[in-house]
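Some notes on the structure that comes next.
The values are calculated or read from the model by the stated rules, or taken from the named source; none is laboratory data. All values reported here derive from a predicted model rather than from experimental measurement. Virtual Cβ from ideal backbone geometry, glycine too; neighbours counted across all protein chains shown.
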Amino acid sequence: MGRILALDYGKKRTGIAVTDEMQLIASGLTTVSTTTLIDFLKEYVANENVVRFVVGEPKQMDNSPSESEGLILSFLPKLRKEFPDVPIVRQDERFTSKMAFQAMIDGGLGKKQRSNRALVDEVSATIILQGYLNTIS
């Protein structure tokens with residue numbers, strides 16, 4: 001089948017999550033500097049069978065785009081250009097940071113680990129990906 005890769009795109013960092021080849025389990029992969037994201041993805045896609053990108057879609061409570069959506073909209077053409085054969089879908093990412101933080105608490109992570117923004121971004125990407133998987137199953 002191939003892997004689905006999710007991005008929690010941010011101005012400084014981007015959290016990345018990926019499925020197994022059977023697209024059953026969403027797992028955090030890493031967090032990279034947004035400035036090196038395309039290079040990271042090129043290397044990853046060269047070594048793994050990625051069949052879809054899921055990019056978080058930040059929305060306000062009233063369903064309007066949040067201000068960070070502008071950053072993502074300028075990134076999407078670059079992603080399409082580099083990977084023209086990999087479809088891109090969007091997934092609502094409302095509350096993913098709060099859910100990630102709560103999941104870290106529930107998982108027993110200490111305060112120092114929970115303050116690690118890179119880890120929060122990676123967990124957020126995993127939640128985005130799981131949300132997408134829930135819509136297709």
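So, residue 44, is that one surrounded by fewer than 21 Cβ atoms within 10 Å (Cβ to Cβ) and among the aromatic types (Phe, Trp, Tyr) or not? Judged against the criteria, residue 44 is a match.
The C-beta contact set for segment 2-27 (first residue in contact (Cβ under 8 Å) with a residue 40 or more places away in the chain and at positive phi, second residue in a loop (DSSP other than H, G, I, E, B) and of a type in the set (Asp, Glu), distance under 7 angstrom, 6+ apart or interchain) comprises 2/21. Selection of first residues in segment 39-51 that are over 11 Å from residue 29 (Cβ atoms) and of second residues that are loosely packed, with under 14 Cβ neighbours inside 10 Å and at pLDDT below 95, restricted to Cβ pairs under 8 Å at least 6 apart or on distinct chains, gives the following pairs, ordered by first then second residue: 51/1. Within segment 67-81, the set of residues being outside any helix (DSSP H, G or I) and either under 16 Å from residue 54 (Cβ atoms) or out of contact with any Pro (no Cβ under 7 Å at 6 or more places or on another chain) (or both) comprises just one member, 67. Here residue 58 meets the list (1) crowded, with 17+ Cβ neighbours inside 10 Å; (2) in contact with a strand residue (DSSP E or B) (Cβ under 6 Å, 6 or more places away or on another chain); (3) modelled with pLDDT under 95 almost entirely, failing just condition (2).
For segment 17-29, how many residues meet the condition of being touching a Gly at 6+ places or on another chain (Cβ under 8 Å) and in a strand (DSSP E or B)? Give the steps one after another, and end with the answer.
Of all residues in segment 17-29, those touching a Gly at 6+ places or on another chain (Cβ under 8 Å) come to 17, 21, 23, 28.
If we keep only those that are in a strand (DSSP E or B) as well, we get 17, 28.
Of the residues in segment 17-29, 2 are touching a Gly at 6+ places or on another chain (Cβ under 8 Å) and in a strand (DSSP E or B).
May I ask you to list the residues in segment 30-66 that are aromatic (Phe, Trp, Tyr) and assigned to a strand (DSSP E or B)? Listed by number, the list holds a single entry, 53. I need the full set of residues from segment 11-33 which are within 12 Å of the chain's Cα centre (by Cα) and more than 16 Å from residue 92 (Cβ to Cβ), in order please. Result: 13, 14, 16, 18, 19, 27, 28, 29, 30, 31, 32.
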